[in-house]
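Let me begin by presenting the structure, written as structure tokens, before commenting on it.
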Amino acid sequence: MFAYTMRRLFMLVPVLIGMTLITFSIVHLIPGNPAQVILGETASETAIKNLEESMGLNEPYALQYTYYVSDLLQGDLGTSLKTKTPISEEIWPYIAATFELTFFAMLFAIIIGVNAGIISAWKQNSWFDFLAMLVALIGVSIPVFWLALMEQWIFAQELSWFPSSGRQDNRDPMEPITYFFVLDSILHGDFSRTFTVLKHLVLPSIALGTIPMAIIARMTRSSMLEVMRSDYIRTVQAKGSGQFLIIYKHALKNALIPVLTVIGLQTGVLLGGAILTETIFSWPGVGRYIYEAITYRDYPVIQSGILIIAFLFVIINLVVDLLYKFIDPRINY
Amino acid sequence: MSDEILKITSLQTHFFTDQGEIPAVDGVSLTVHKGEVVGIVGESGCGKSVTSLSIMQLVPSPPGKIVGGTIHYKSENLLNASKKRIKDIRGNEISMIFQEPMTSLDPLFTIGNQLREALQIHKKINKKQANQKSIEMLKLVGIPRAEEVMNDYPHQLSGGMRQRVMIAISMACDPEILIADEPTTALDVTIQAQILDLMKKLNHEKDTAILLITHDLGVVAEICDRVIVMYAGQVVEEGTTREILKNPTHPYTKGLIRSIPKLHEKDQKLYSIPGTVPKPKMGMLGCRFKDRCEFAHDRCFSEAPELFSLGNNRYSRCFLLDDTERKVASDAEANTGS
Ligand SMILES: Nc1ncnc2c1ncn2[C@@H]1O[C@H](COP(=O)(O)OP(=O)(O)O)[C@@H](O)[C@H]1O
Ligand code: SF4
Ligand SMILES: [Mg+2]
């Protein structure tokens, strides 16, 4: 397991190089002079000169890239043009916000999706199966923004069950520690606040988690059905085992392998694709951070935001790969 | 031998498919006595697997369904038994091993886990005792380094080793009957012989009855006391191994025997019965073997032969064995002779 983990980590090196090459190129791929584009049409010659100096835009590309990477390795993500603050100092709360939302969205998607898939396969062609697969079909085809707006309208406006936006009650903000608000409220020992924070998470998590939930449910069902036809399941039956042991021990573990792939991919998609949801629910995540940076032409922030999301994507893939190895003893690469 | 432990009568297992109803097992009767080794032979598609799966009630359903007959285990008709009772019997009193050792074990669990599971389903024992017993079983089936193999995963073992593990699992609870569906077909010849020897040994030591399914009469000759020959969903001949091999009566059995490869007749081309097993259909007319039979005559095309008793528990489903025809035939012979 250790050697395998090391191998996987080593294989990340070229991926990371590729990623940084792409984010590095963003600034240089815009047509025209980057400093001019960043500062806008009306910028003065000296302003452009100064910016070029400070961003090192006059140097050869190879040298610029080396600076970029060595800065990154020292934890320097550059400085925001808008706030004039080092990005590494201001980005964490956004990452934490995105992470927390993604986590709860996937938690919702996995718990409901996997169980619905199992029961659907177990009771194939039953009314439950039919209903669950209908819901899953609707789930994958529904536009996220529409679902988010409907949720806000019904559960926030009309029923007032859940708040319609933000991460917490902004009239009474809490002192952040890790910026994972659920965790922070627990660390503060303030459980009524935990409850409030969780309530804020419900609607955006469902909006974000519905598509992955539907995909996971369908994948689990088809994977379970396939496994249930296999020879080794017949062996377990021939041993005299009951349905429960067959389904939750043997069938589920085998069926989980392809489901895990889907879970990993979908988590990545959520991380990158949360901008819409974050905007609708005023969720201060990385998506929003990048979105605002784009409107300000804050290139260092755009670069770093994209790099962070890509990096998280890579980390999730790594975790999925390690989980494969944990589940399936045959894997050895 | 009156101690019948398994008695199947007129079993009918049909598949309900898009192409219609398929009577894959069509009125099969057979008996297994305590400690006996009975073989079921026939080419692929004759309904051997479906017969054995029917006993365990593991026929894939849908599309399969047992639509008639009885399966008595001792004095109990399994077809009327509760689901719970069937689970208690499976693996404990009647166990089964399958053709494909490569896919019959769960790839994600260790050999030890899968062996212990077989014990823990039926016996009230703790993990340590189950472990002990599992190692004992692995040694019994001739697996070297039994303690280490407990922690191995199936993909780490060869096909022959896996089949030994399957046998260990199936024998763990000391069943009365072991059903083995082509247990050696997927293995190469030397390993085949070892597995058959192992089954023979277990039969002798534990007095476990074995219902051995195979398409290979050579395997039957090796280990079976009695043979049932199946063709297109029916029993066509039955008798002791000795009788069947020395004196086959049904043209199909004769064909099977002719197709056993003989070691000392090297250059002779291997015989095989022309044609293939017909897919069973509802309302088939005449003898099911007629299209491949060199003795087929008018009656074979209009009438279906019954299983004629030849005495001494020998049976054959061929009009040539019908008393009236035999008489006609011998009269004709007598006439030409004079
Ligand atoms: N799952 C199934 N669906 C439909 N028909 C089946 C199925 N399994 C078996 N059959 C039918 O049963 C017949 C006998 O099959 P089987 O018992 O597997 O033969 P054998 O084991 O003698 O080779 C086959 O010819 C096929 O028509
Ligand atoms: S009944 Fe007729 S066709 Fe059938 S096996 Fe006998 S001789 Fe051949
Ligand atoms: Mg078969």
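The values are calculated or read from the model by the stated rules, or taken from the named source; none is laboratory data. Bear in mind that the values here come from a model prediction, so they are computed numbers and not experimental data. Virtual Cβ from ideal backbone geometry, glycine too; neighbours counted across all protein chains shown. These accessible areas exclude ligands, DNA and RNA; they are computed on the full protein's heavy atoms, side chains included. Shrake-Rupley method; radii C 1.70, N 1.55, O 1.52, S 1.80 Å.
Numbers at a glance
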{"item": "Dipole magnitude (debye, nearest 20) for the protein assembly as shown, charges at Cβ of Lys, Arg, Asp, Glu", "result": "1580"}
{"item": "0 to 90° range, to nearest 10: angle between helix B:159-171 axis and chain B longest Cα axis", "result": "80"}
{"item": "With all protein chains modelled, accessible area of residue B:87 [1.4 Å, Å²]", "result": "70"}
{"item": "0 to 90° range, to nearest 10: angle between helix B:323-337 axis and chain B longest Cα axis", "result": "50"}
{"item": "DSSP-defined beta bridges in the protein assembly as shown - what % are antiparallel, rounded to 5", "result": "65"}
{"item": "Neighbourhood charge, 10 Å Cβ-Cβ cut-off, centred on residue B:33 and excluding it, Lys, Arg +1 and Asp, Glu -1", "result": "-1"}
{"item": "For the stretch A:2-89: accessible area per residue (Å², 1.4 Å)", "result": "64"}
{"item": "Solvent-accessible area per residue, Å², over the stretch A:91-327 with all protein chains present [probe radius 1.4 Å]", "result": "46"}
{"item": "Per residue solvent-accessible surface (Å²) - chain B, probe of 1.4 Å", "result": "47"}
{"item": "Helix runs (DSSP H) in chain A reaching 20 Å along axis by Cα, Kyte-Doolittle at least 1.6", "result": "A:127-141, A:299-327"}
{"item": "Whole-angstrom gap from the stretch B:28-45 to the stretch A:1-79, using each part's C-alpha centre", "result": "76"}
{"item": "Antiparallel DSSP beta bridges within chain B, percent to nearest 5", "result": "60"}
{"item": "Estimated buried accessible area (total), pair B and A, 1.4 Å, Å² to nearest 100", "result": "2100"}
{"item": "Listed residues A:92, A:310, A:327: farthest to the positive end of the dipole of the stretch A:91-327 (Cβ charges)", "result": "A:327"}
{"item": "Inter-chain Cβ neighbour average for residues B:103-111, partner chain, 10 Å", "result": "6"}
{"item": "Cysteines in chain B that, by Cβ-Cβ distance, have no pairing candidate under 4.7 Å", "result": "B:46, B:173, B:224, B:293, B:318"}
{"item": "Charge dipole (debye, nearest 20) of chain A; +1 at Cβ of Lys and Arg, -1 at Cβ of Asp and Glu", "result": "1700"}
{"item": "Set B:7/B:83; B:48/B:84; A:249/B:139; A:249/B:128; B:74/B:281; A:249/B:124 screened for pairs whose C-alpha atoms are more than 22 Å apart", "result": "B:48/B:84; A:249/B:139; B:74/B:281"}
{"item": "Top positive-direction residue, dipole computed over chain B with Cβ charges, set B:103, B:250, B:120", "result": "B:120"}
{"item": "Helix axis angle, B:189-206 relative to chain B longest principal axis, alpha carbon, degrees", "result": "80"}
{"item": "Test item: A:225-235 mean partner chain Cβ contacts at 10 Å", "result": "5"}
{"item": "Fraction of accessible area attributable to carbon and sulfur, the stretch A:2-89 (%, probe 1.4 Å)", "result": "65"}
